[in-house]
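Reading through the structure tokens given below for one structure.
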Amino acid sequence: MIIYNTDEVDPAELSTYAALSDPKWKDRICFRTSTSAYTQGFVASIIAGEGPQAAAKVVEDWMANEPQILANDVEVVRTVAAGGCDVGITNHYYVLRELAQDPELPLGIVFPNQGTTGTHVNISGAGVTRSADDVAAATRFVEWLATDGQSLFVDGNFEYPVNRSVEPVPVLRELGEFRRDDLNVGELGPNNAAAVQLLTEAGYR
Ligand SMILES: [Fe+2]
């Protein structure tokens, strides 16, 4: 998601991830570090969707706006809330967690790329390895996470339930429907190394 400081930004100014390269955002952006799996997966998704050259151009154009690169999503959210940046990219639930603590914080969320590829989506995944000591128990645990255990992610952390029979918490329903990038998550892994290299070459540390 693109997040913004509601005192400084009209959400109508925000549209796509790539549009954060507009010079109007110079010195106003906070990103998470390139070592974050979220950053790498996000850039890998741009490579998979639009090709390596287009992805490199997006990242290079962002860097021309001299973003602050922070340690993690929490830092980005808190810096935007404090006015240290006007816009940033984070997962949505980090914003909702801060707002749950303090509803007065000037934080807003925009679903980017609604007219193009859709908003980038992360998943929380689980699997059972071949070397597991107790495959049956581990399988039951993973099945629990996908069913009754969904509330761990949904209620406690404001994540969207992947299981359609589980109700999202009210605060998620209030965010409304949005178009999500339907890129197969299996395309991210093979593009991860290229994403890291691209980020390094663009000076995104
Ligand atoms: Fe997270």
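The values are calculated or read from the model by the stated rules, or taken from the named source; none is laboratory data. Source: prediction; values computed, not measured. Every residue, glycine among them, receives a Cβ derived from its backbone with ideal geometry; neighbour counts consider all protein chains shown. These area figures cover heavy atoms from the full protein model, side chains too; ligands, DNA and RNA do not enter into them. Shrake-Rupley method; radii C 1.70, N 1.55, O 1.52, S 1.80 Å.
Could we say that residue 35 is on the phi < 0 side of the Ramachandran plot, within 16 Å of the ligand (Cβ to nearest atom) and open to solvent by less than 20 Å² (accessible area, probe 1.4 Å) here?
Values: on the phi < 0 side of the Ramachandran plot: yes; within 16 Å of the ligand (Cβ to nearest atom): yes; open to solvent by less than 20 Å² (accessible area, probe 1.4 Å): no.
It is false that residue 35 is on the phi < 0 side of the Ramachandran plot, within 16 Å of the ligand (Cβ to nearest atom) and open to solvent by less than 20 Å² (accessible area, probe 1.4 Å).
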(request) Name the single residue, out of those in the range 52-72 being among the small types (Gly, Ala, Ser) and open to solvent by 20 Å² or more (accessible area, probe 1.4 Å), that is farthest from the chain's Cα centre (by Cα). (result) 64
(request) Filter the range 15-39 for residues that are farther than 17 Å from residue 78 by Cα and of a type outside the set (S, T, N, Q) and give the result. (result) 17, 18, 19, 20, 22, 23, 24, 25, 26, 37, 38
(message) Can you say whether residue 8 is free of Cβ contacts under 8 Å to residues at least 40 places away in the same chain, away from the ligand (no atom under 16 Å from the Cβ) and assigned to a loop (DSSP other than H, G, I, E, B), as far as the supplied structure shows?
(response) no
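Which ones in the range 73-83 are without any contact (Cβ under 8 Å) to a residue 60 or more places away in the chain and open to solvent by less than 20 Å² (accessible area, probe 1.4 Å)?
Initial filter on the range 73-83 (without any contact (Cβ under 8 Å) to a residue 60 or more places away in the chain): 73-75, 78-79, 82.
Selection gives 73 alone.
In this structure, is residue 162 farther than 24 Å from residue 36 by Cα, β-branched (Val, Ile, Thr), modelled with pLDDT under 95 and out of contact with any Cys (no Cβ under 9 Å at 6 or more places or on another chain)? Spell out the reasoning first.
Details: farther than 24 Å from residue 36 by Cα: no; β-branched (Val, Ile, Thr): yes; modelled with pLDDT under 95: yes; out of contact with any Cys (no Cβ under 9 Å at 6 or more places or on another chain): yes.
Criteria not met by residue 162.
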(request) Answer yes or no: is there a residue in the range 80-89 that is within 16 Å of the ligand (Cβ to nearest atom), of a type outside the set (Asp, Glu) and under 15 Å from residue 1 (Cβ atoms). (result) yes
(request) Kindly check whether there is at least one residue in the range 105-118 that is surrounded by 20 or more Cβ atoms within 10 Å (Cβ to Cβ), under 19 Å from residue 18 (Cβ atoms) and small (Gly, Ala, Ser). (result) no
(request) Within the range 38-49, track down each residue that is within 16 Å of the ligand (Cβ to nearest atom) and either over 15 Å from the mean Cα position of the chain (by Cα) or of a type in the set (Phe, Trp, Tyr) (or both). (result) 38, 42
(request) Taking the options 182, 133, 155, name whichever one is open to solvent by 60 Å² or more (accessible area, probe 1.4 Å), more than 30 Å from residue 62 (Cα to Cα) and within 21 Å of the chain's Cα centre (by Cα). (result) 155
(request) Would you please name the residue that is farthest from the ligand (Cβ to nearest atom), looking only at residues in the range 165-175 that are modelled with pLDDT of 90 or more and open to solvent by 70 Å² or more (accessible area, probe 1.4 Å)? (result) 165
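Could you look through the range 110-130, keep only residues that are of a type in the set (A, V, I, L, M) and away from the ligand (no atom under 15 Å from the Cβ), and pick out the one that is nearest to residue 40 (Cα to Cα)?
So the residue we want is 110.
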(request) Determine which single condition residue 170 fails, assuming it passes every other condition in (1) over 16 Å from residue 37 (Cβ atoms); (2) out of contact with any helix residue (DSSP H, G or I) (no Cβ under 6 Å at 6 or more places or on another chain); (3) in contact (Cβ under 8 Å) with a residue 40 or more places away in the chain. (result) (3)
